[in-house]
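See below for the structure under consideration.
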Amino acid sequence: MPTDNAERLQQPGFAEAPHYHGHRERLRERFREAGSDALSDYELLELVLFRALPRRDVKPIAKELIARFGSFAEAVHAPAERLREVSGVGEAAIIEIGLIAAAAARVTKGQVKQRTVLSSWSAVIDYCRTTMAFADKEQFRILFLDKRNQLIADELQQVGTVDHTPVYPREIVKRGLELSATAVIMVHNHPSGDPTPSQADIQMTKSIVAIAEPLGIAVHDHIIVGKNGHASLKGLRLI
């Protein structure tokens, strides 16, 4: 009779386990023992894909995603239609990947909501970058604050093209009055990756300030985020 597993697998009726099963367990063990810093971007992405593709070697898929999008963060924020272009990525994988981005945004938003915005500025920046920095189209978001500078509402106002978002200053101020906001923080992204404000960004911001401040709504800042960092118009003394 067979005396060990290796001999049993050689007998008729026993299928050899796929080669990637051992790899999966080793990867999980490294994550359990050393955390995410011990894994490369593609290895972390493998862990995300394990549940979606339980009967497939996901290492080549994870490597292709990183090669195509550039990093773990960019891969998990990639639009579904672009993820579908990668061989082996179906709807189950797209959902698992999207969950990571959604979870990160939910966590960072919670950190902003729990504290006074101006005293937790790094959390605000983290939330803005997590939510918008890797989007492939320009988005314009407003954080509406009360008199204690706590978050009343976080609203995505507009979604534009790869290099332009239509912004209507009077509509922004109108919404602020509806919410009884006393201050706003404006945020938008540059899909190019470079957060440097354009002249159009600066002029638009000044237009909103000119309309909002006489009505009792302060513009605390306009933050521009991109894959390569962020820029604060207030910090740059442009408003």
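Taken over the range 75-93, residues that are in contact with a Leu (Cβ under 9 Å, 6 or more places away or on another chain) and under 21 Å from residue 39 (Cα atoms) amount to 4. Of all residues in the range 131-163, exactly one satisfies the criterion of being outside any strand (DSSP E or B), open to solvent by 70 Å² or more (accessible area, probe 1.4 Å) and closer than 21 Å to residue 97 by Cβ, namely 137. Answer with yes or no whether residue 30 is at pLDDT 90 or above, open to solvent by 70 Å² or more (accessible area, probe 1.4 Å) and outside any loop (DSSP other than H, G, I, E, B). Judged against the criteria, residue 30 is a match. Residue under question is residue 78, and the condition is that it be farther than 30 Å from residue 181 by Cα and not in a helix (DSSP H, G or I); does it hold? Yes. Close Cβ contacts (under 7 Å, 6 or more residues apart or on different chains) running from residues in the range 168-179 that are over 17 Å from residue 139 (Cα atoms) to residues that are β-branched (Val, Ile, Thr) and open to solvent by 30 Å² or more (accessible area, probe 1.4 Å) comprise 170/211; 173/211; 179/152.
Taken over the range 70-93, the criterion of being of a type outside the set (A, V, I, L, M) and surrounded by 20 or more Cβ atoms within 10 Å (Cβ to Cβ) is satisfied by 72, 77.
Going residue by residue through the range 51-61, is there one that turns out to be without any contact (Cβ under 8 Å) to a residue 24 or more places away in the chain and open to solvent by less than 20 Å² (accessible area, probe 1.4 Å)? The answer is no; no qualifying residue exists.
The values are calculated or read from the model by the stated rules, or taken from the named source; none is laboratory data. Keep in mind it's a predicted model, so treat the numbers as computed, not measured. Glycine gets a Cβ as well: all are built from the backbone with ideal geometry, and neighbour counts include every protein chain shown. Surface accessibility is based on the protein's heavy atoms, side chains included, excluding ligands, DNA and RNA. Shrake-Rupley method; radii C 1.70, N 1.55, O 1.52, S 1.80 Å.
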